[in-house]
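Notes follow once the structure below has been shown.
The values are calculated or read from the model by the stated rules, or taken from the named source; none is laboratory data. Computed from a predicted structure; not experimentally measured. When we count neighbours, we look across all protein chains shown, and the Cβ atoms used for this are built from the backbone with ideal geometry, even at glycine. For the accessible areas, the whole protein counts, side chains as well, though only heavy atoms, and no ligand, DNA or RNA atoms are used. Shrake-Rupley method; radii C 1.70, N 1.55, O 1.52, S 1.80 Å.
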Amino acid sequence: MSVSVKAVPKTAPIAAPVSEAVELSRQLLKAQEEERRRISRELHDETGQALMVLRFQLELLAGETQSEEVAAKIREALDVLDRTIEGLRRTIARLSPRVLEEFGLLTAIRRQAKLLAKHTGMKPRLELPENWTPADHDVEVALYRSVQEALHNVAKHSQAVNFTVRLEVASEKVTLQIEDDGAGFSRRAAHIRGFGLTGMRERAAALGGLMRIRTERGKGTNIQIQLPWAANGRKQNATRGLQHASLK
Ligand SMILES: Nc1ncnc2c1ncn2[C@@H]1O[C@H](COP(=O)(O)OP(=O)(O)OP(=O)(O)O)[C@@H](O)[C@H]1O
Ligand SMILES: [Mg+2]
């Protein structure tokens, strides 16, 4: 009996089908969200609690000491501790999408925008749908994380006066835009530095969506994320998603 064996080139690429790769990165993102949730819970329940106990004990000491010098030192320590607790709270809030889960996407977006406006003095503009039917949880987390990162970038890099967050729902897709009228940037800058934009692009792609960036030096930045969208948590097939687009 003769068996014919097809020659396989030694350099044959070992590549997973596109749908498998998309599914894999979707799973990775899920695992990453789980891990963030666990870390934020531990920071809250362990580190946060320990700092509060420390605070309580320092206050007791401050009340008991007769020495003005010691009291002043304890007040200094309390100041440092309060700043640390405040920083820890911000870290916990960034790590965990609890606002999203408790109050929904629109409130989570409003809060992010309000925080940015408060810390930078920039003028916010929100264009959000009047009614938002909760979407697939992964899509909501992706939108929330993208707003977080894009607004963080606006604060860190743009020196803008105004910024806008726009969310639009059409029949089968949702479009998120974060726009500012600040410094803009060049294609080179985006490739050399940072993980933020790359992470956003990968997150969108994992859900069968795309990200577009329009920017020019001195003329502001517009980040657009489009994702396949289905109301009430009905999942869309990620591989049936939108075409990839790149930096324009
Ligand atoms: N809104 C913006 N205005 C001006 N420049 C921006 C804006 N968003 C991004 N950039 C530029 O694009 C680069 C890449 O952004 P990205 O978010 O990927 O990285 P990063 O913010 O530098 O670092 P990381 O997000 O990892 O903390 C930034 O370093 C900055 O030069
Ligand atoms: Mg960034």
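Put simply, the amide H of ALA160, placed in the peptide plane, has neighbours under 5 Å in ALA183, leaving out anything fewer than 5 places away on its chain.
Under 16 Å Cα-Cα from LYS123, which aspartates and glutamates qualify once same-chain neighbours fewer than 8 residues away are excluded? Hits, sequence-local ones excluded: GLU179, ASP180, ASP181.
These residues, VAL22, VAL53, go from largest to smallest accessible area, 1.4 Å probe, as VAL53, VAL22.
The 3J(HN,Hα) values that the Karplus relation (6.51, -1.76, 1.60; θ = phi - 60°) gives for the stretch 130-139 are, in residue order, 5, 10, 10, 8, x, 9, 3, 4, 4, 5 Hz. Gly and Pro appear as x. Over all alpha-carbon pairs of the stretch 82-182, lay out the pair-distance distribution in 10 Å bins, whole %, shortest bin first. The distribution over the stretch 82-182 is 14, 47, 32, 7, 0, given as percents. Equivalent ellipsoid of the stretch 18-95: semi-axes from √(5λ) of the C-alpha gyration tensor, largest first, are 43, 10, 5 Å.
The base-10 log of I(q)/I(0) for the stretch 104-240, evaluated at q = 0.14, 0.19 Å⁻¹, reads -0.61, -1.09 [Debye formula, identical scatterers on Cα atoms, solvent excluded]. Residues whose amide H comes within less than 5 Å of that of ASP136, counting only those at least five positions distant or on another chain, are ALA230, GLY233, ARG234 (H built at 1.01 Å from N in the peptide plane).
The phi torsions of the stretch 81-97, fed into the Karplus equation with coefficients 6.51, -1.76 and 1.60 and a -60° offset, translate into couplings of 4, 5, 5, 5, 4, 4, x, 5, 4, 5, 4, 4, 5, 5, 5, 9, x Hz, rounded to whole numbers, with Gly and Pro shown as x. Between SER25 and GLN159, the modelled labels are 3.3 nm apart [label points 7 Å from Cα along Cα→Cβ].
The ratio of the alpha-carbon radius of gyration of the stretch 135-212 to the globular-protein estimate 2.2 N^0.38 Å is 1.13. Derived scalar couplings between HN and Hα for the stretch 104-109 equal x, 4, 5, 5, 4, 5 Hz in order, rounded to whole Hz, by the Karplus curve 6.51 cos²θ - 1.76 cosθ + 1.60 (θ = phi - 60°), x for Gly and Pro.
Note on surface exposure: PHE56, PHE195 rank PHE195, PHE56 by accessible area, highest first, 1.4 Å probe.
Close amide H pairs (under 5 Å, H built 1.01 Å from N) link VAL174 with LEU227, TRP229, residues at least 5 positions away or on another chain.
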